[in-house]
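Take a look at the structure set out below.
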Amino acid sequence: MLVHSRTGRWTAWAGFAVLFVPLFALPFLVIVAASFSTNWSGAFPSGPTTAHYAAAVRGESLQALTTSLVTAVTASLIALTAGTWAALAGAALGGGGPWGRRAKRVLDALFMLPVAVPSVVVGLAVLVAYSQPPVLLNGTRWIVILAHTVLVTAFAHQSVSAAVVRLDPMYEQAAAGLGARPSYVLLRVKLPLLLPSLNAAAGLCFALSMGELSATMMLYPPDWTPLPVLIFTRTDRGALFTGSALAVVLMAATLLALLAVSRIRTKASYR
Amino acid sequence: MTSGIRFDAVSVAYGGTTVLDRLDLTVEPGEVIALLGPSGSGKTTALRAVAGFVRPVSGRVLIGDRDVTALPPYRRGIGMVVQQYALFPHLRVEANVAFGLKARKTPKDEIPGRVAEALEMTGMAAYAHRYPRELSGGQQQRVAIARALAIRPKVLLLDEPLSALDAQLRSGMLAELARLHRELPDVSILYVTHDQVEALTLADRIAVMDKARLQDCGTPQDLYRRPRTEFTASFVGNANLLPVTVTADGVAFDGTELNVAPGDATPGAATLCVRPHLVGLGEGPNALRGRIVEVQWRGSTHRLYVEVGGHRVKADVRELRETPLLGSEVTLHFAPEDAVLLAAGVNDDH
Ligand SMILES: Nc1ncnc2c1ncn2[C@@H]1O[C@H](COP(=O)(O)OP(=O)(O)OP(=O)(O)O)[C@@H](O)[C@H]1O
Ligand SMILES: [Mg+2]
């Protein structure tokens, strides 16, 4: 604890509560309350009912949840692979003289692009690019997965790049000195050492993809409706309480997945 | 295949700065050579050139009879231990030691035996299941050595392997290394250090480096008793370097005629090298009169700094009952056979 006196500690907690509760906690609590209610006209909702949840884990809603999960897992895995590959390639380029360093900067900038560009624009770009042969993805689930991949690869690349930079070259050299070829070094030394960061990146990608709405809205086909889209269309049509229940389900699913990933992380951390 | 390392006019440069200048050095099979020199003199660079982590701009590196200059590190078959140990943190001790064997596709049934042997040799068998973070510095050090030895290299490169250990542990490890060397008589060892005690203890020969160049190379006794350059004399054993004049009649310091064999020294300016512990207090041959300007008590000896004719002479004197007084006039002496005449160097920074 950085604050030592008792009053100081209380002040710190009070300040935290004043900031945290209205900004972060309250909106979530309201959604949770709404998801259990039938009507909310006064200060407090009426209810409680679990009917919205019963509906949320059946039929169209369940379909949307699986759609979101499949999209997020697929996009995260592809993004992680591509992002790690690019991060390692970038590091190799960066060690190869002035031209290599220039090439690395270009590569980094390219991968950062989807972060800088609004996701609506990314969605539109993907839509325009893949609505024509030879690559006709429009109307399939793949266009959604592709857009999510493009969006989250940036984050995967960035966080893995940061970890690659911190990776001490002495391990790589020690391995090479012991007779390990580069591929063996990658598999047995570099990737294991990067595992905690890969895990963190995977969690980040997954969470981002689970919540992605703006690009998805421009792209999703009728048979591939992710959960955020369903929440949006339901609440848009006035079904506020059903939407709330769906939102809580989305939140819970994402948090559960992140928790699972972070368990792997604590197991793999060695320092 | 014969082992041994040969540097053949090896030069290394980083961005136009030469950090290793035409190094010629041979480590014979089974020999221990210590690369000794101050920080930044290019010792690590020389080692990295053997290991293959840095590419010489010119010259060749040979291991055994094989020119390895262009080979990548993983094809050189050397064992290397660096200052920070670089044990793989995600692997247990035994997996660390087995790493090189697995990487070289040693038959699976041979690996456990070789790992056990290497751990036995370094006294770490009891720690096989630990992670590196669960070991002390000295234990990590042993594991790093075991890992390097497990691949049975013909060439072992050690880069300041003891510098992270405290003084007591260091002298213990030094004895261990000497024992390992006796147990592995075929392995050529190149041992980088800036600690002269390590070099003197362990090495068959010492190669003294300074400013990217090899300054001197010889057996410890040679370098200690008969240094060839001023740099060697002062770096190994911290000798007194006195500017003297050589004439046909003899050798003079500060106008005083000295009883020193001029040998084949050419007339003119020269440098006289005398070890501090060979300088005595009181009257004797080659008496030098001066004033004490500094006294350091070093446990078993007093180090006196005595100003003689504008030069500071260091003398390590044993068993003084009373601490000599600063500013008092004293006489120092040294035996004629304990002095070595050197060609005068350009630098006089003492
Ligand atoms: N990767 C590098 N890039 C640029 N210069 C370097 C690099 N590595 C070493 N040098 C320079 O090369 C010179 C020799 O370095 P080296 O590491 O060989 O010294 P050393 O004798 O091992 O010193 P120390 O006792 O401090 O380890 C130093 O001046 C150092 O700054
Ligand atoms: Mg060094």
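With open to solvent by 10 Å² or more (accessible area, probe 1.4 Å) and outside any strand (DSSP E or B) as the only criterion, which of B:A265, B:A269 stands out?
Going through B:A265, B:A269 in turn, the sole match is B:A265.
Give the number of residues within the stretch B:44-62 that are open to solvent by less than 10 Å² (accessible area, probe 1.4 Å) and either within 14 Å of ligand 1 (Cβ to nearest atom) or assigned to a loop (DSSP other than H, G, I, E, B) (or both).
Qualifying residue count, the stretch B:44-62: 5.
Would you call B:D159 within 16 Å of ligand 1 (Cβ to nearest atom), more than 18 Å from B:T26 (Cβ to Cβ), at pLDDT 90 or above and open to solvent by less than 50 Å² (accessible area, probe 1.4 Å)?
yes
Which residue out of A:A180, A:A201, A:A162 is more than 22 Å from A:A260 (Cβ to Cβ), in the same structural domain as A:P226 (by TED's automatic domain parsing) and part of a helix (DSSP H, G or I)?
None of the other options fit; the residue is A:A162.
Can you name the residue in the stretch B:82-91 that is at pLDDT below 90 and more than 7 Å from every other protein chain (Cβ to nearest Cβ) and, of all such residues, is farthest from A:Y171 (Cα to Cα)?
For the stretch B:82-91, the residue satisfying everything is B:Q83.
Does the stretch A:160-177 contain any residue that is touching a strand residue (DSSP E or B) at 6+ places or on another chain (Cβ under 9 Å) and surrounded by fewer than 22 Cβ atoms within 10 Å (Cβ to Cβ)?
Yes; the residues of the stretch A:160-177 include at least one that is touching a strand residue (DSSP E or B) at 6+ places or on another chain (Cβ under 9 Å) and surrounded by fewer than 22 Cβ atoms within 10 Å (Cβ to Cβ).
If a residue must be of a type in the set (A, V, I, L, M), in contact with a Leu (Cβ under 9 Å, 6 or more places away or on another chain) and within 14 Å of another protein chain (Cβ to nearest Cβ), how many such residues does the stretch B:111-168 contain?
Counting residues in the stretch B:111-168 that are of a type in the set (A, V, I, L, M), in contact with a Leu (Cβ under 9 Å, 6 or more places away or on another chain) and within 14 Å of another protein chain (Cβ to nearest Cβ) gives 16.
Can you give me the number of residues within the stretch B:26-43 that are within 12 Å of ligand 2 (Cβ to nearest atom), within 26 Å of A:E172 (Cα to Cα) and assigned to a strand (DSSP E or B)?
Total satisfying the criteria: 1.
Which of the following residues is more than 16 Å from ligand 2 (Cβ to nearest atom), open to solvent by 50 Å² or more (accessible area, probe 1.4 Å) and either within 14 Å of chain A (Cβ to nearest Cβ) or not hydrophobic (A, V, I, L, M, F, W, C) (or both): B:D21, B:D65?
Answer to the check: B:D65.
May I ask you to say which residue of B:L47, B:L71 is within 16 Å of ligand 2 (Cβ to nearest atom), under 17 Å from A:E172 (Cα atoms) and within 13 Å of another protein chain (Cβ to nearest Cβ)?
Residue meeting the stated conditions: B:L47.
Among the residues of the stretch B:68-112, what is the count of those that are in contact with an Asp or Glu (Cβ under 9 Å, 6 or more places away or on another chain), open to solvent by 10 Å² or more (accessible area, probe 1.4 Å) and more than 30 Å from B:D24 (Cβ to Cβ)?
Result for the stretch B:68-112: 1.
Among the residues of the stretch B:166-195 satisfying the criterion of being within 16 Å of ligand 2 (Cβ to nearest atom) and part of a loop (DSSP other than H, G, I, E, B), which is farthest from B:T44 (Cα to Cα)?
B:D195
Which of the numbered conditions does B:R130 fail, given that it passes all the others? Conditions: (1) open to solvent by 20 Å² or more (accessible area, probe 1.4 Å); (2) assigned to a helix (DSSP H, G or I).
So B:R130 meets the others, but not (2).
The values are calculated or read from the model by the stated rules, or taken from the named source; none is laboratory data. This one's a predicted model, so the numbers in the text were calculated from it and none came from an experiment. Virtual Cβ from ideal backbone geometry, glycine too; neighbours counted across all protein chains shown. Side chains are part of the model used for accessible areas, which takes the heavy atoms of the whole protein and leaves out ligands, DNA and RNA. Shrake-Rupley method; radii C 1.70, N 1.55, O 1.52, S 1.80 Å.
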